[in-house]
Amino acid sequence: MSPSCHLLFQHCSLLLSVFCKHSVFNKGVYLQGLKTLRKQSFLGNFTVTDYRVSQQLSLQQFGSMSETISRVRQLTEKGSKMEGWDDCWKAGLTPWDRGSSLPILCELCKEDALPNGYALVPGCGRGYDVLTLASAARVAIGLDCSEEAKKQAEQLRDSRGVPSQRAQFVVGNFFDFPFSQKFDLVYDLTFFCALPPESRNSWANRMKEIIQVDGELVTVVFPIGDYEGGPPYAMNLDIYKQLLEPLGFESFYMKNISDQLPPSSIFVRWKLRY
Ligand SMILES: C[S@@+](CC[C@H](N)C(=O)[O-])C[C@H]1O[C@@H](n2cnc3c(N)ncnc32)[C@H](O)[C@@H]1O
């Protein structure tokens, strides 16, 4: 196998691994994910059982660009980054899309362990997490800079019969969107790692600005590593601590979720103390 085929194989393995781990027992969702991968037309002879191979994989597959990730990088780096993300959505270049929320988020919602009121999912993509968070006691708002993502999220919401008053989708830039209230909960999954490193301070300041005192920020530290370039940009827990702690965010819950997102990803809940 040539090195480029090997990398492509690794990337396919990773995507399928993430996907299958969540939905291997859910045939409907599983087929939906498989369809997504086929649409990206690099599935080749890949079979569903190959996902096991990927459990051995290291972070390298993100640093070494597969064709899909390389294309995402090209599109999001051009003049207008917002437009680039929309182009990815229109072209079906969404390698981050797992087809469902992380099991840990579903469990916390089931246990009613997260704050009610207003929740925001920045960079919500197809909106799985918005739909998971939406409830009678919580209005969940999904923000994405892509019109196409919003369209797909609304279609998903309507197909699931979730009331639009509980799960709202808006298009805009996280850094300057005029929200009409502060949030009790913000859930960031693969949004922070999609942003260029020079936006990190602005990301943290914006979180401080839009979250109520005593409100909660949930971050998923992923993908953990030290490679160059992105998106996704390599993450580690210290990056978050250095940005958030001086602003009054205190972590009170950390869980390794390697079983849900490779490798060694950490689910962290922060409370805004002041
Ligand atoms: C890596 S994707 C993650 C999507 C989703 N959170 C998920 O896990 O499936 C990042 C998302 O953030 C959106 N995005 C990027 N920059 C943004 C910005 N400044 N404001 C709002 N959305 C943005 C992109 O359109 C894309 O849908």
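Here the contact order of the range 103-272, divided by its residue count and restricted to Cα pairs under 8 Å and six or more residues apart, works out to 19 percent. Express in whole angstrom the spacing between the alpha-carbon centres of the range 206-249 and the range 174-200. Centre-to-centre distance over Cα atoms comes out at 10 Å.
Evaluated at q = 0.23, 0.30, 0.31, 0.35 Å⁻¹, the base-10 log of the normalised Debye intensity for the range 231-270, with identical point scatterers placed on the Cα atoms, takes the values -0.83, -1.07, -1.09, -1.14. Taking other residues whose beta carbon is less than 12 angstrom from the beta carbon of ALA136, and scoring Lys, Arg as +1 and Asp, Glu as -1, yields +1. Looking at the range 215-274, the GluC sites (Glu not before Pro) that sit in a DSSP loop and have at most 11 other Cβ atoms within 10 Å of their own Cβ are GLU228.
Sparsely packed loop sites in the range 138-191 (the chymotrypsin sites (Phe, Trp or Tyr not before Pro) outside DSSP H, G, I, E and B with at most 16 other Cβ atoms within 10 Å) comprise PHE175, PHE179.
Once a ≥ b ≥ c are taken as the square roots of the eigenvalues of the Cα gyration tensor of the range 103-272, is the result rounded (a/c under 1.5), prolate (a/b larger than b/c) or oblate (a/b not larger than b/c)? Could the numbers behind the result be given before it?
Details: a/c = 1.37, a/b = 1.33, b/c = 1.03.
In terms of gyration-tensor shape, rounded.
No value in this document is a laboratory result; all are computed from the given coordinates. The structure displayed is predicted, hence computed values, not measured ones. Glycine also receives a Cβ, built like all others from the backbone with ideal geometry; neighbour counts cover every protein chain displayed.
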